[in-house]
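Below is one structure, written out as structure tokens; comments come after it.
The values are calculated or read from the model by the stated rules, or taken from the named source; none is laboratory data. What you see is a predicted model; the values in this text were computed from it and never measured. Every residue, glycine among them, receives a Cβ derived from its backbone with ideal geometry; neighbour counts consider all protein chains shown. To get the accessible areas, we keep the full protein, side chains included, count just its heavy atoms, and leave off ligands, DNA and RNA. Shrake-Rupley method; radii C 1.70, N 1.55, O 1.52, S 1.80 Å.
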Amino acid sequence: MTATTAPYAELKTPTTARRLLTAPTTGPLAALLLACVFFSLSTDQFLTGGNFSLIVQQVMVVGTLAIGQTLIILTAGIDLSCGAVMAFGSIVIAKMAAEGTLPPLAAITMGLVVCGGFGLLNGLLVQKIPLPPFIVTLGMLNVAFALTHIYSEEQTVTSLPGPLTALGETFPLGNTDITYGSLLTIVLFLLLAYALSSTGWGRHVYALGNSQEAARLNGIRTSRLTIGIYTVAGVLYGLAALLLISRTGVGDPQAGQTENLDSITAVVLGGTSLFGGRGSVLGTFIGVLIVGVFRNGLQLMGVASIYQTLITGILVILAVTVDQMSRRKSR
Amino acid sequence: MPRTIRPTPSLIRTAACLGIAALTLTACGSGSGSDSGGDSSGSVKVGLITKTDTNPFFVKMKEGAEKAAKDSGAQLITSAGKFDGDNAGQVTAIENMVAAGVKGILITPSDSKAIVPALEKARAKGILVIALDSPTDPRSAVDALFATDNLRAGELIGAYAKASMKGRTAKIATLDLAPGVAVGVQRHDGFLKGFGIGEKDPAIVCSQDTGGDQAKGQTAMENCLQKAPDINVVYTINEPAALGAYTALRAKGREKDVLIVSVDGGCTGTRAVKDGKIAATSQQYPLRMAAEGVGAVVKFAENGKKATGYTDTGVSLITDKAQAGAASKDTAYGLDNCWG
């Protein structure tokens, strides 16, 4: 079980060079570091504290979504609705607060509850009927998308009250500016990484992903666990909604249209297996950073944005290939 | 217990690392060869952010900007949203360009309102920001706007359609863009103004959204013909929608007696005017928008003077069946100046 439950612990305390080489996050981490070295050598502006804090700001929204996505993929599920649910949450928060339906903090809470509700509904449909996660969340994607456009009346919500954008504000650290949202994202990653690697709940999540039947026979309440995971993911999408608002300063009904696939990209790049049971949220964090670093670095070099899409696509195929090959070898 | 997963052979991991490494280097290598031209110190950096990478209109805009940048020794950095309406993607692009040290940013805003806070941040750092093609809301969120007058573009084809109908009773279908998008609303309103009718006029028998898409334009026209088979004038938001409408009309054998008018002036669309599929179109000039935008940034870098206000980059009525009272240019001119 060690290879599946505590990949990061292995990284921190490598017993042998071989173990280090075989940790699931090694490949992604190497790719990230290589990319950083390359961009540092090719542009003057890349290797600055300000630029790194910028990259973290840019990936925090999709990063937070990707935490939820990781949890679901670890159970061998998938969530296509995360971007749309986030968009709906962000419109709920922005509109309620801007129009004074609810005080800002209550509006934020409402957004988290609404997104959590979507997650709960996803979980119930996946577990109780049961339906394939792909279909449930594909349907939910359209439901959330439509509700966003109906509720927003196609209008961007501007002039948001202060508490909604607080996470987008910065504080100085050395000669860089860090946003509170970046900090929150990092805390969320660490929190979920701890929960997955060091709690009973985490072990159950991996067990469920390896085989639901085996997990059930071992006395794990798989139904409750699955519904719980989808709900937690939903609440995370609500937090992503808040981060999105704070970052752009508006409530935007067009948001979230590619974030479902972007989050899956990050999860896969981070070495988490699409077949469930193997991977980590810290890997996902590395995956998110890989995308962010490429986008930022190529832009600084003056390379057109279409190359970023090209490279991301090739990296994803490579990452899945590695996953498949290592699975076959491990049989 | 779940199956224990054995540590995988290090060979695979190592191979993967090497693969990714090679990819990193080749991918970036190709990039540095094509666009960046190294860090030639001293040259003015200009950023161009379009709505998407793929729309021929923006491809032409980029081409115009690249040529203008080359001619004036400036370095052009480009970026785009992933889809039309991708505000977050444009925000990221703005931030990265600011980090890259651009002197000015030319942007075609996907969402006229949502982009405003990000633009304000860039302007606060002393960067000249010019909107191309589409205004921001409020317009003062940018230093200057270089764009087609979309209301005027609509007026031209409205007046042309009116002149072509000469006393016949018009039954009009409008194939529009999408609710609340300024470009679509302005062209639509301009058409009605040029035709001399109001929004509620009974002459308008059908209005449908197409998103400016050919397939959706066809569906919209099919539905309009179901609703009102005697339609004889079709206003379309752009030429793809017009060509979709033409396909629907041809299926009913109506392509000869229905007048289709459009806006954009893309090369495919202009050829369709030449072939008689579309009666007339209002041509706009993205290349000019971009070239003038780059020029304004270079000038700002030289003398510190920021471009201001609205610059109309022009629009011409293109048709081979000229009508009295509607000044037009023929398709030979249109094809010389088309984009895409």
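Every residue, every condition in (1) within 24 Å of A:THR43 (Cβ to Cβ); (2) touching a strand residue (DSSP E or B) at 6+ places or on another chain (Cβ under 9 Å); (3) hydrophobic (A, V, I, L, M, F, W, C), yes or no:
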{"position": "B:LYS82", "(1), (2), (3)": "yes, no, no"}
{"position": "B:GLY89", "(1), (2), (3)": "yes, yes, no"}
{"position": "B:THR92", "(1), (2), (3)": "yes, yes, no"}
{"position": "B:GLU95", "(1), (2), (3)": "yes, no, no"}
{"position": "B:GLY101", "(1), (2), (3)": "yes, yes, no"}
{"position": "B:GLY104", "(1), (2), (3)": "yes, yes, no"}
{"position": "B:PRO109", "(1), (2), (3)": "no, yes, no"}
{"position": "B:PRO117", "(1), (2), (3)": "no, no, no"}
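Can you tell me which residue among A:LEU243, A:LEU298, A:LEU318 is open to solvent by less than 10 Å² (accessible area, probe 1.4 Å), within 12 Å of chain B (Cβ to nearest Cβ) and over 22 Å from A:LEU147 (Cα atoms)? Walk me through it before giving the result.
Numbers: A:LEU243 fails: over 22 Å from A:LEU147 (Cα atoms); A:LEU318 fails: open to solvent by less than 10 Å² (accessible area, probe 1.4 Å).
So the residue among A:LEU243, A:LEU298, A:LEU318 that is open to solvent by less than 10 Å² (accessible area, probe 1.4 Å), within 12 Å of chain B (Cβ to nearest Cβ) and over 22 Å from A:LEU147 (Cα atoms) is A:LEU298.
The single condition from (1) part of a helix (DSSP H, G or I); (2) at pLDDT below 90 that A:GLN254 fails is (1). Screening B:ALA144 against (1) out of contact with any Pro (no Cβ under 6 Å at 6 or more places or on another chain); (2) closer than 30 Å to A:ASN51 by Cβ; (3) without any contact (Cβ under 8 Å) to a residue 60 or more places away in the chain; (4) open to solvent by less than 30 Å² (accessible area, probe 1.4 Å) leaves a single unmet condition, (3). Is it the case that A:LEU120 is open to solvent by 60 Å² or more (accessible area, probe 1.4 Å) and in contact with a helix residue (DSSP H, G or I) (Cβ under 6 Å, 6 or more places away or on another chain)? Here the answer is yes, as A:LEU120 does meet what is asked. How many residues are of a type in the set (Ser, Thr, Tyr), open to solvent by less than 50 Å² (accessible area, probe 1.4 Å) and in a strand (DSSP E or B) if we restrict to segment A:170-202? Within segment A:170-202, residues that are of a type in the set (Ser, Thr, Tyr), open to solvent by less than 50 Å² (accessible area, probe 1.4 Å) and in a strand (DSSP E or B) number 2. In the set (1) assigned to a helix (DSSP H, G or I); (2) farther than 17 Å from B:PHE83 by Cβ; (3) more than 8 Å from chain B (Cβ to nearest Cβ), the condition left unmet by A:THR312 is number (2).
Is there a residue in segment A:273-284 that is more than 9 Å from chain B (Cβ to nearest Cβ), among the aromatic types (Phe, Trp, Tyr) and in contact (Cβ under 8 Å) with a residue 40 or more places away in the chain? Yes, segment A:273-284 has at least one match.
To keep it simple, each residue is scored yes or no on (1) small (Gly, Ala, Ser); (2) open to solvent by less than 10 Å² (accessible area, probe 1.4 Å); (3) out of contact with any Phe, Trp or Tyr (no Cβ under 7 Å at 6 or more places or on another chain).
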{"site": "B:LYS166", "(1), (2), (3)": "no, no, yes"}
{"site": "B:THR169", "(1), (2), (3)": "no, no, yes"}
{"site": "B:ILE172", "(1), (2), (3)": "no, yes, no"}
{"site": "B:VAL181", "(1), (2), (3)": "no, no, yes"}
{"site": "B:PHE191", "(1), (2), (3)": "no, yes, no"}
{"site": "B:GLY194", "(1), (2), (3)": "yes, no, yes"}
{"site": "B:GLY211", "(1), (2), (3)": "yes, no, yes"}
{"site": "B:GLU222", "(1), (2), (3)": "no, no, yes"}
{"site": "B:ASN232", "(1), (2), (3)": "no, no, yes"}
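Name every residue in segment A:257-291 that is part of a loop (DSSP other than H, G, I, E, B) and not hydroxyl-bearing (Ser, Thr, Tyr), in order of residue number. Write out each step before concluding.
Taking segment A:257-291 as the starting set, the residues that turn out to be part of a loop (DSSP other than H, G, I, E, B) are A:257-258, A:270-280.
Passing the criteria: A:GLN257, A:GLY270, A:GLY271, A:LEU274, A:PHE275, A:GLY276, A:GLY277, A:ARG278, A:GLY279.
The residues in segment A:246-263 that are open to solvent by less than 20 Å² (accessible area, probe 1.4 Å) and of a type in the set (Asp, Glu) can be counted, and the count is 1. Each residue in segment B:67-114 was checked for being facing chain A (nearest Cβ under 10 Å), modelled with pLDDT of 95 or more and farther than 22 Å from A:PHE294 by Cβ, and 0 pass. Taking the stated definitions as given, is A:GLN324 among the polar types (S, T, N, Q), at pLDDT below 95 and assigned to a helix (DSSP H, G or I)? Yes, satisfied. Please determine whether any residue of segment B:269-283 is touching a strand residue (DSSP E or B) at 6+ places or on another chain (Cβ under 6 Å), modelled with pLDDT of 95 or more and closer than 30 Å to B:GLN75 by Cα. Yes, some residue in segment B:269-283 is touching a strand residue (DSSP E or B) at 6+ places or on another chain (Cβ under 6 Å), modelled with pLDDT of 95 or more and closer than 30 Å to B:GLN75 by Cα.
Checking each residue in segment A:73-97 for being open to solvent by 20 Å² or more (accessible area, probe 1.4 Å) and within 12 Å of A:ILE245 (Cα to Cα) picks out A:PHE88, A:LYS95. In the set (1) aliphatic (A, V, I, L, M); (2) buried (at least 19 other Cβ atoms within 10 Å of the Cβ); (3) at pLDDT 95 or above, the condition left unmet by A:LEU138 is number (2).
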